[in-house]
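See structure below.
The values are calculated or read from the model by the stated rules, or taken from the named source; none is laboratory data. The model shown is predicted, which means the values in this text are computed figures rather than measured ones. We place every Cβ from the backbone using ideal geometry, glycine too, and count neighbours over all the protein chains shown.
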Amino acid sequence: MVQTKLKNQLIGLSIESQLMELTSLFQGKVVFTTSLGIEDQVITHIIFSNNLNIKVATLDTGRLFPQTYDVLSSTIIKYNKKIEIYFPEYESIERLVTEKGPYSFYQSIENRKECCGIRKIVPLNRALTNMKCWISGIRADQSDNRSKMNWIEYDEHKDLFKFYPLFTWSMEDVKNFVKDNNIPYNSLHDKGFLSIGCEPCTKAIKPGEDFRAGRWWWENEGAKECGLHTKGDPPIPQKRY
């Protein structure tokens, strides 16, 4: 019911107006988490160019591509705005790598989800603390799993709304907007990388392959998600050290 009411308030508005409406409804409690990918750069541009009261945050897993840091730096310089950085808890990373080595995620899906949990889920939960609306750059045509989502959802587990302003955009729409507005973007996108995450877990894909085929490519089962955009929090395997 509440989700429907909010959806009706946003339908028909431009993205700028939708975001302004959200900042009015949830004053000081709207957060946009950016992966610094090309879709997220569009949203960052809209937020920063309109001086919207939205916290912009990103997760630094400690395993990002150098090109991703280049985008982060270029974006801060271009807009002269703050992007809040969230790191994993160093004690958990130290224990994980000491016990299992630097590439444990290649050994099993359980290990990979454990790494994602420590490096992404825990920092994300800190970024979402006290927030009431979470904005993300998810698009419907990125994967079958994401096509089943709604452009605005209510996450009961996290007790907040999730809004995807580019949900109906195509990749061509995104690229055209970036070009027209001279927005910094990750150079890896020009080399066959569509979905860019941690360096050891991301590779370029061939034309026609699934958008997320380059993520955790050694896995042959399940949706290619790290858990950031699943309902509730995925279980983090019990520590064995």
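Among the candidates 95, 112, 139, 126, which residue alone is in contact (Cβ under 8 Å) with a residue 24 or more places away in the chain and within 25 Å of residue 7 (Cα to Cα)?
Details: 95 fails: within 25 Å of residue 7 (Cα to Cα); 112 fails: within 25 Å of residue 7 (Cα to Cα); 126 fails: within 25 Å of residue 7 (Cα to Cα).
Unique residue meeting the criteria: 139.
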Exercise. Mind checking whether some residue in region 137-145 is within 14 Å of the chain's Cα centre (by Cα), crowded, with 20+ Cβ neighbours inside 10 Å and assigned to a helix (DSSP H, G or I)?
Worked result: yes
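Restricting attention to region 62-106, report how many residues are assigned to a strand (DSSP E or B) and either under 15 Å from residue 117 (Cβ atoms) or among the acidic types (Asp, Glu) (or both). Spell out how you get there, then give the answer.
If we filter region 62-106 for residues that are assigned to a strand (DSSP E or B), which is where we start, we get 64, 84-86.
Cutting the leftovers down to either under 15 Å from residue 117 (Cβ atoms) or among the acidic types (Asp, Glu) (or both) gives us 84, 86.
Result for region 62-106: 2.
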Per the list (1) basic (Lys, Arg); (2) surrounded by fewer than 17 Cβ atoms within 10 Å (Cβ to Cβ); (3) farther than 19 Å from residue 135 by Cβ, residue check on residue 81 breaks on (3)
Could you tell me whether region 121-136 includes any residue that is surrounded by 16 or more Cβ atoms within 10 Å (Cβ to Cβ), touching a Ser or Thr at 6+ places or on another chain (Cβ under 9 Å), under 26 Å from residue 187 (Cα atoms) and among the small types (Gly, Ala, Ser)? yes
Per the filter on region 64-80, residues in contact with a Pro (Cβ under 6 Å, 6 or more places away or on another chain) and over 9 Å from residue 184 (Cβ atoms) are none
Result of the Cβ filter at 6 Å on region 150-162, keeping first residues that are surrounded by 15 or more Cβ atoms within 10 Å (Cβ to Cβ) and at pLDDT 90 or above and partners that are of a type in the set (Ser, Thr, Tyr) and in a strand (DSSP E or B), at least 6 apart or interchain, is 161/154
Output for Cβ contacts, cut-off 7 Å, separation at least six or different chains, first residue free of Cβ contacts under 8 Å to residues at least 12 places away in the same chain in region 64-83, second aliphatic (A, V, I, L, M), reads 76/83
In region 115-136, anything in a helix (DSSP H, G or I), in contact with a Phe, Trp or Tyr (Cβ under 8 Å, 6 or more places away or on another chain) and not hydrophobic (A, V, I, L, M, F, W, C) is listed as 123, 126
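Conditions tested, residue by residue: (1) within 29 Å of residue 93 (Cβ to Cβ); (2) not in a helix (DSSP H, G or I).
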{"residue": "17", "(1), (2)": "no, no"}
{"residue": "27", "(1), (2)": "no, yes"}
{"residue": "35", "(1), (2)": "yes, yes"}
{"residue": "45", "(1), (2)": "no, no"}
{"residue": "53", "(1), (2)": "no, yes"}
{"residue": "58", "(1), (2)": "yes, yes"}
Subset of region 163-190, residues crowded, with 18+ Cβ neighbours inside 10 Å and either of a type in the set (S, T, N, Q) or at positive phi (or both), comes to 186
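Restricting to region 193-239, give me the number of residues that are in a loop (DSSP other than H, G, I, E, B), modelled with pLDDT of 75 or more, within 15 Å of the chain's Cα centre (by Cα) and of a type outside the set (Phe, Trp, Tyr).
First pass over region 193-239, keeping only residues in a loop (DSSP other than H, G, I, E, B): 193-197, 203-214, 216-239.
With the extra rule that they be modelled with pLDDT of 75 or more, the set shrinks to 193-197, 203-214, 216-220.
The next check asks that each one be within 15 Å of the chain's Cα centre (by Cα); those that pass are 194-197, 211-212.
Checking which are of a type outside the set (Phe, Trp, Tyr) leaves us with 194-197, 212.
Selection size over region 193-239: 5.
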